[in-house]
Every structure is written in structure tokens, then in C-alpha cells.
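Novice: Take a look at this one; I'll ask things after.
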Amino acid sequence: MSRGTLFDKVWEQHTVATLPSGQTQLFIGLHLIHEVTSPQAFAMLRERGLPVLYPQRTVATVDHIVPTDTVARPLQDALAEEMLQALEANCRAHNIPFFGIGSGRQGIVHVIAPEQGLTQPGMTIACGDSHTSTHGAFGAIAFGIGTSQVRDVLATQTLALNKLKVRKVAVNGSLGPGVYAKDVILHIIRHLGVKGGVGYAYEFAGSTFAQLSMEERMTVCNMAIEGGARCGYVNPDETTFAYLRGRPFAPQGKNWDQAVAWWRSLASDADAEYDDVVTFAAADIAPTVTWGITPGQSVAVDETLPTLESLPEAERAIATEAYAYMDLQPGQPIQGTKIDVCFIGSCTNGRISDLRQAAKVVEGRKVKPGVKAFVVPGSERVKAQAEAEGLDVIFQAAGFEWRNPGCSMCLAMNPDKLQGRQISASSSNRNFKGRQGSAAGRTLLMSPAMVAAAAITGEVTDVRAFL
Amino acid sequence: MSKIERITGRGLPLRGNDIDTDRIIPARFLRCVTFDGLGEHVFADDRQSGQHPFDLPQYQGARILVVNANFGCGSSREHAPQAIARWGIQAIVGESFAEIFAGNCLAMGVPCLTAAPAQVQALQTLLEDQPTTELTLDLQVLTLTAGDQVIPLTMAESTRQMLLSGQWDACGQLLANQDKIHEVAARLPYVRWAVS
């Protein structure tokens, strides 16, 4: 059993009670909600006549269903409009802060909470969205929940949970040029598997993480869930504090110094005990691309796709299924795979540093004719910042479409979808069958810079040749 | 809430590892403000051929779904277990489950139990060969009986207790500790900073 880790300390400080079943009742410091997984939870509250216990500890935005071309109301999709109206009405009725379209604060929930300073070290954070693990980048315990649990948090600001084990995932050394945080997490999942993290929180540690920016740490923690770990985190350090200082909801004045002292005290002790420890070398990580239908099915861009015989027996059936669905062959190089659509955005890679890296590749070049390429900033704030830096001009000059913020084609709940058997190069987080809106659509996950390179050449390309 | 001790009925074998919640209920069906009607869209994309186990006549009316490893991975959408339950499934037996999915099932009173991979696969074969086999899932003794076979099952003891005692919907228990909730909130520094 782990001891002395950030996870242990934060868990202990938020423990309300031990329930008769043996589960822990855990206080949730920050609850984030959006239009998809909350309306049924509010309906359950109404059925039971329950109020929201701590309305100011919940923050709402709209992200999954928003169209990215025009956001004029009413939304063209009547179902999307109904969901947005339900969220607005629920927030009004319960006095919950809502960051709506045009507020300057709207965006993907996992982009806006950090940029507003709502996400802070030492918090427990829950949201009806599996990518809530993102917020662990700040040294928070953050995890996704379902709608019944959204109800529980609204009604009680707590959840009934079993404590997770803690695995330290250390990566040491400096990343090479053209290798990004996305490659780090794809590499980790490739080696630990998509269910390797079930039952664990992942503590991302080592000298590589010490060098990563907050946005890069968010990219890694975001995809902890793709490795089966409901929650991933990085211990807070000077990088964390520097990011938070001065943000709208960060502690101010005399509270700031107290906060930093408290945050420091929560970091895992030097002699902390873990349930498991694994170590990777940054030097072994190359630009990485998925080829299959799970985020664990990936190769370095200069590798060939694995033969079935080279895979562990337990992975052969899903690999066979993946090859048939993707129409790719064992032994072929991933480089050169033709691409139809390029998507830059999502809660994994829709932040300003992601757009800067992609723009650097795109600048002065043109999107390959026949390729549809578009950029969806993660939030209104990211969009404004990118426009202030002229990134929108660079993208549009190259032939990219420049859109409004939202989840967009990561999960295709809005009009942005693949068509038929189209294949995308995508900076998002899931390559599941049908994920991007077409039952036969195919997704290759990669870093935003790699997506940008694919847009220029029309095929999977090693971005290192562009730098 | 009802106590869940025993579930009987026919089984539905669904083979494959890493079946994610996007496949269980594709995102386009999440454009809704209630869970009503989700049952008819369960596995909508996978069922286009009409040969999916959820479409085969011999499995209509089945109560117990039998799956392989890492079932329910991906998105946290409760719409996924809601769609499965509204189709008619009352319990799921598998090699392993994704955590958020299993938690969502518990909150709905749908037990997710694990068994050894070889036994799960043998059970799937049995249900493919003899779909009319009656299954009895007993949470008291953690077994699944299929004909003359008795398969040992596992689940977290806390989860089992919540189902057996009828306390699988935690909301009431959580609310009963309201004083303690306020005590913890008062002790957490960031709650103070936000109001000062």
C-alpha cells in the first residue's frame, strides 16, 4: 500500500467518512460540469427534491456539442440547443457559475479550468468526463465520473470511492527535437497497455517531467485514462506555481504565500512508498503514431507495423481486428500512410503551446490539395491569444480552417465528423472505431506538430524533417 | 432501493477485448437530456450487419452479458451502461472492466463481476452452443451457475455489500454525513481562500 505520496496526502485530507460498505466518502473540491453528462443528474436532484449543496464549488461550461463554424443561437442542431438550454436553466436555478459562449471564458472544460486558475494543487476534482485526469498536472487528484456520481457531487459535494493504488511512472532525460508530451504518453501507454493502469493512479515523475511546461504535463495526464488509470498527476513545483500566479481564480495576496507553502507540503515525500514503479528513458521516445483502434496500438514514426507473431498472445485478437478495420498491413511502414483529414485541437492538444508548435511546422507551407485541415482552439482564451500572435493567419495562409473552440471532431458530437472511411491525423486522444463520427472512419493519433506535417504532405510524415 | 442478491436468466456472449463506451453507445446518441430510449441504440454502429449478438434471435431477452477484458474502457458516459441496462441486461460477467464503467454500473445497481479468462471464454462458448442455458448469478456466494457448471466470481467486497444491502445508490448515505462534509470543507485551505 502506498504511503507518503501526494495521492495519499490529498486523499486523507479530503476523507469525510468510511461508509458501511468500506468505501471512502471523499470531499470533492472542484466539480466541473458540461452539457452532455449533467442534465440527467439535475433531473435526479429534482426527483428527490435535493438542492445543490455547494453551488460555488461547481463550474459549468459548454463544449461537446458546440458547432465550431458558427455559434449563433439558436444552434442549428435542435438537440444541441436543447442541451445547452438545459444547462443554462440548471445553472440559473442552482446558482452555479456558467462560462457560456462569448463570455471569453468558454472552451473545453479541461482547458478552461486550468487557464482560469480554478484547477489547483491539492484539490480533488471530478467531472462527468473521463479526461478529467488532465487536472492532475497541477498535483490534484482528478478523475472522471458518470452521471449518477455527478448527482452525488451536486447533492453532497462528495463521492463514495475505493482508494486507488499508486504507480510511479518515471521518465528521465531530455526529449529530442520533434518529440513532444503527446509522444511521451503514447509511448507509456504502448508499453504499459490500455488496461495496465486499472486500479492505479499514475504519478508521473522524473527529470523529463520536471522540464515539461504545465501544458505539456496536462497532455500527459489527460491520457492517463487511455492507459486505464482513472487519475494521473505530477507533483507541484515552481513551474506549477509560476503558471498559477495571477490567474483569475488563483489565491491572491496573503493567501498566495500560504497556498504555495501548503502545495509544497503535499508533494510526494522523498521516501514515499509506491505500489509499483516503472521507469522510461526520454531518449527512447520518438514521434509516435497510433495505427490501430486502441491508444496502445502505436509505433514510432520510423517503425513498421508489428507482425501478429511479434505481439503477446493476448493482444493478437485486437490487433487482427485493428488491421481489418484500419485496412493496414502488418510489416508496412506507418510513414507514408495517406491522410484525408487533419484535426488540431481537443483537451489533449488544443492549448496555445500546441498551436504554436503546429504553426511553426505550417508557416510558409501549404496544405496538400485534397486534404481537409482545421484547427479548433481549446478555448475562447486560447483562440484570442493565438490571434494576437498571428497564428490564425499562418494557419489560414497554409490552407487550414480556423474554427471556434469546442471538443469538435475529437468525439464528433457536433457537425465536425469524418465521412465514410476517411482517415484522420488527429491531435486528440482516442482512435476507437467510429470515434470521429463515421462508423467506418479511421483515426491516427499523434502530436499537433505531426498532424501539421501530415497536412502539408498528405501522409504520415516524420516532423523532425520539418524542424 | 432493492437488494440485489441473485439474478437469473439467459446469457449473452459478446466477444472482444477493449470494447469501449463509444462502441457501446456512439456519441451522436448522447445528444439528449434524458436516458430514455438509449436501449435501442446500444452498439448501434457494430450492429449495422444485423449479425451482432444483441440482434440474434436466440439472445433476445437475455439478462446476463458475458464479456472479455477491459470492457467499457474510454469515455465516462453513463449512457453506455444505461443503454445496456435499458436493452434488458441486469448483470455483466467478464474478464475485467474499466473502472469508471464499473462504478457507473454500481450506481445503477448493475453488478459487474469478474471470472478467470479461461472460464469466461468457456462460458461464452457454452452460450454460443446452447443459448437457452439458464444462468444463476448469486452475489451471496459469488458464483455463476450454468447448467452443471459452477464458476467462481470476484468483485470488491465493498461493492458486493452495497448491492446485497440495497445501498448501491450512495447518495442517501453520503447526504446523511452532512455535518462531517461541512467540517472537512471548513478545514480545507482552498475553500477558505475562495471566500476570503
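Novice: Mind checking the dipole of region A:6-161: about its Cα centre, +1 per Lys or Arg Cβ, -1 per Asp or Glu Cβ, Debye to the nearest 20?
Specialist: Computed charge dipole of region A:6-161: roughly 440 debye.
Novice: Under 10 Å from the Cβ of residue B:103, count the other residues' Cβ atoms, weight Lys and Arg +1, Asp and Glu -1, and hand me the total.
Specialist: Around residue B:103, the surrounding residues sum to -1.
Novice: Here's a follow-up. Lys and Arg at +1, Asp and Glu at -1: add these up for the other residues within a Cβ distance under 12 Å of residue A:427 and post the number.
Specialist: Residues close to residue A:427 contribute a combined charge of +1.
Novice: Any idea what the relative contact order of chain A is, in percent, if you count C-alpha pairs under 8 Å spaced at least 6 apart? Can you show the working numbers first?
Specialist: Details: 1129 pairs, mean separation 81.5, N = 467.
Once normalised by length, the contact order is 17 percent.
Novice: Related question: According to the square roots a ≥ b ≥ c of the eigenvalues of the Cα gyration tensor, what is the shape class of region A:6-161, taking rounded for a/c under 1.5, prolate for a/b larger than b/c otherwise, and oblate for the remainder?
Specialist: Since a/c reaches 1.5 but b/c is at least a/b, the shape of region A:6-161 is classed as oblate.
Novice: Separate question: For residue A:310 paired with residue B:157, estimate the spin-label separation in nm (one decimal), with each label point 7 Å from Cα along the Cα-to-Cβ line.
Specialist: Each label point is offset 7 Å from its Cα along the Cβ direction, giving 4.6 nm.
Novice: Would you look at the GNM of chain B, springs on alpha carbons closer than 10 Å, and say which of B:120, B:66, B:141 moves the most?
Specialist: Most flexible of the set in this elastic network: B:141.
Novice: With Rg and the Kirkwood Rh both taken from Cα atoms, where does Rg over Rh land for chain A? Please list the in-between numbers first.
Specialist: Details: Rg = 21.3 Å, Rh = 22.3 Å.
My calculation puts Rg/Rh at 0.95.
Novice: Next question. Under a cut-off of 19 Å between alpha-carbon atoms, report the lysines in cross-link reach of residue A:417, not counting same-chain residues fewer than 8 places apart.
Specialist: List returned: A:338, A:372, A:433.
Novice: Helix-only mean residue ellipticity at 222 nm, chain A, DSSP H runs n ≥ 4 weighted -39,500 (n - 2.57), per residue, nearest 500. What is it?
Specialist: Estimated from H runs of four or more residues: -9500 deg cm²/dmol.
Novice: Using mean Cβ contacts within 10 Å as the protection proxy, how do B:29-36, B:98-105, B:82-89 order, highest first?
Specialist: Top of the packing list down: B:98-105, B:82-89, B:29-36.
Novice: Now for a separate question. For the protein assembly as shown, with only Lys/Arg (+1) and Asp/Glu (-1) charged at the beta-carbon, what is the dipole magnitude about the Cα centre, in debye rounded to 20?
Specialist: My answer is approximately 1100 debye.
Novice: Size of the dipole of region A:288-466 about the Cα centre, Lys and Arg at +1 and Asp and Glu at -1 on the beta carbon, nothing else charged, in debye to 20? Please list the in-between numbers first.
Specialist: Values: 19 positive and 18 negative charges, 87 e Å.
Its charge dipole is roughly 420 debye.
Novice: Arrange A:215, A:321 by Cβ neighbour counts within 10 Å, fewest through most, would you?
Specialist: A:321, A:215
Novice: Right, here's the next one. If I take every Cα pair under 8 Å that is 6 or more residues apart in region A:6-161, average their sequence separation and divide by the length, what percent do I get for the relative contact order?
Specialist: RCO, region A:6-161: 33 percent.
Novice: Quick check: net charge around residue B:124, other residues with Cβ under 14 Å of its Cβ, Lys/Arg +1 and Asp/Glu -1?
Specialist: Once positives and negatives cancel, what remains is -1.
Novice: Also: How would you rank A:28-34, A:374-380, highest first, on the average number of other Cβ atoms within 10 Å across their residues?
Specialist: In descending order of packing, they fall as A:374-380, A:28-34.
Novice: Further question: Got a sec? How would A:187, A:14 order by Cβ neighbour count within 10 Å, fewest to most?
Specialist: Lowest count first: A:187, A:14.
Novice: Assign one of three labels to region A:288-466, namely rounded, prolate or oblate, based on the Cα gyration tensor with a ≥ b ≥ c the square roots of its eigenvalues; rounded applies when a/c is under 1.5, prolate when it is not and a/b is larger than b/c, and oblate otherwise.
Specialist: Here region A:288-466 falls in the prolate category.
Novice: Treat the count of other C-beta atoms within 10 Å as a stand-in for reagent exposure and order A:1, A:450 from fewest to most.
Specialist: In order of increasing Cβ crowding within 10 Å: A:1, A:450.
Novice: In peptide A:229-239, what is the residue-averaged number of other protein chain Cβ atoms found within 10 Å of each Cβ?
Specialist: 1
Novice: I would also like to ask the following. Compute the relative contact order of region A:288-466 as a whole-number percentage, counting only Cα pairs closer than 8 Å that sit 6 or more residues apart in sequence.
Specialist: Taking the mean separation of contacting Cα pairs over the length of region A:288-466, I get 28 percent.
Novice: If you don't mind, there's one more thing I want to ask. Find the centroid of the Cα atoms in region B:1-16 and in region A:302-380, then give the distance between the two in whole Å.
Specialist: Region B:1-16 and region A:302-380 have Cα centres separated by 39 Å.
Throughout, read-outs are computed from the coordinates displayed, never taken from laboratory work. Please read these numbers as outputs of a predicted model, since none were measured by experiment. We place every Cβ from the backbone using ideal geometry, glycine too, and count neighbours over all the protein chains shown.
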